[in-house]
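Reading through the C-alpha cells given below for one structure.
Every number here is computed from the coordinates shown, using simple stated rules; none is lab data. In this text, all values refer to a predicted model and were calculated from it rather than measured experimentally. Heads up, the Cβs are rebuilt from the backbone with ideal geometry, glycines too, and the neighbour counts pull from every protein chain shown.
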Amino acid sequence: MNKNEMAGMSLSHATLRNEDLIPSFTEFLEHNFPVEYADILADKDYYYILEFGYYDSETAYYLLESLFDILDEIAPSDHYFGAHFGDGSLFGFWQNEDEF
C-alpha cells in the first residue's frame, strides 16, 4: 500500500476495547505491512494474545501500545496515527494539526 493512500484512512471506530482495536490494527499490518506484522509476531507473548485472545492481560496493553507506535511510524508524512481530534474513538491516519 502506498503511504499516501493511508491519509485520512480510519482503522477503527466507536470502540476503545482491546478485543476490537488489536485485531483491527494487526489485520491492517498483516495485509499491508507484513514486515512490521512479523515483528509483532516475533514476540511470543504477543503471539499468544493474537492466537488465543487474552485481551484483558497486561501484555495486551503493551501490544496495543506497540501497535500505536508502529502505525504512527508508518503514517504518511505530515500525518500521525491515533484518535481523531474530534472523535476519541475514531482511530486512523490524520493530518498533523501543525500543518494548518
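So here's what we get for this one:
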item	result
Residue in the range 79-96 that is part of a helix (DSSP H, G or I) and either loosely packed, with under 11 Cβ neighbours inside 10 Å or more than 13 Å from the chain's Cα centre (by Cα) (or both) present	no
Sole residue being out of contact with any helix residue (DSSP H, G or I) (no Cβ under 7 Å at 6 or more places or on another chain), part of a helix (DSSP H, G or I) and of a type in the set (Ser, Thr, Tyr), chosen from TYR47, TYR62, TYR37	TYR62
Test for SER10: is it out of contact with any His (no Cβ under 8 Å at 6 or more places or on another chain) and among the polar types (S, T, N, Q)	no
Close pairs from the range 71-87: first within 17 Å of ASN32 (Cβ to Cβ) and in contact (Cβ under 8 Å) with a residue 40 or more places away in the chain, partner of a type outside the set (A, V, I, L, M, F, W, C) and part of a loop (DSSP other than H, G, I, E, B), Cβ under 7 Å, at least 6 apart	HIS79/ASN96
Number of the condition not met by MET6 [criteria: (1) free of Cβ contacts under 8 Å to residues at least 24 places away in the same chain; (2) in contact with a Phe, Trp or Tyr (Cβ under 8 Å, 6 or more places away or on another chain)]	(1)
Residues located in the range 5-23, provided they are in a loop (DSSP other than H, G, I, E, B) and not aliphatic (A, V, I, L, M)	GLY8, THR15, ARG17
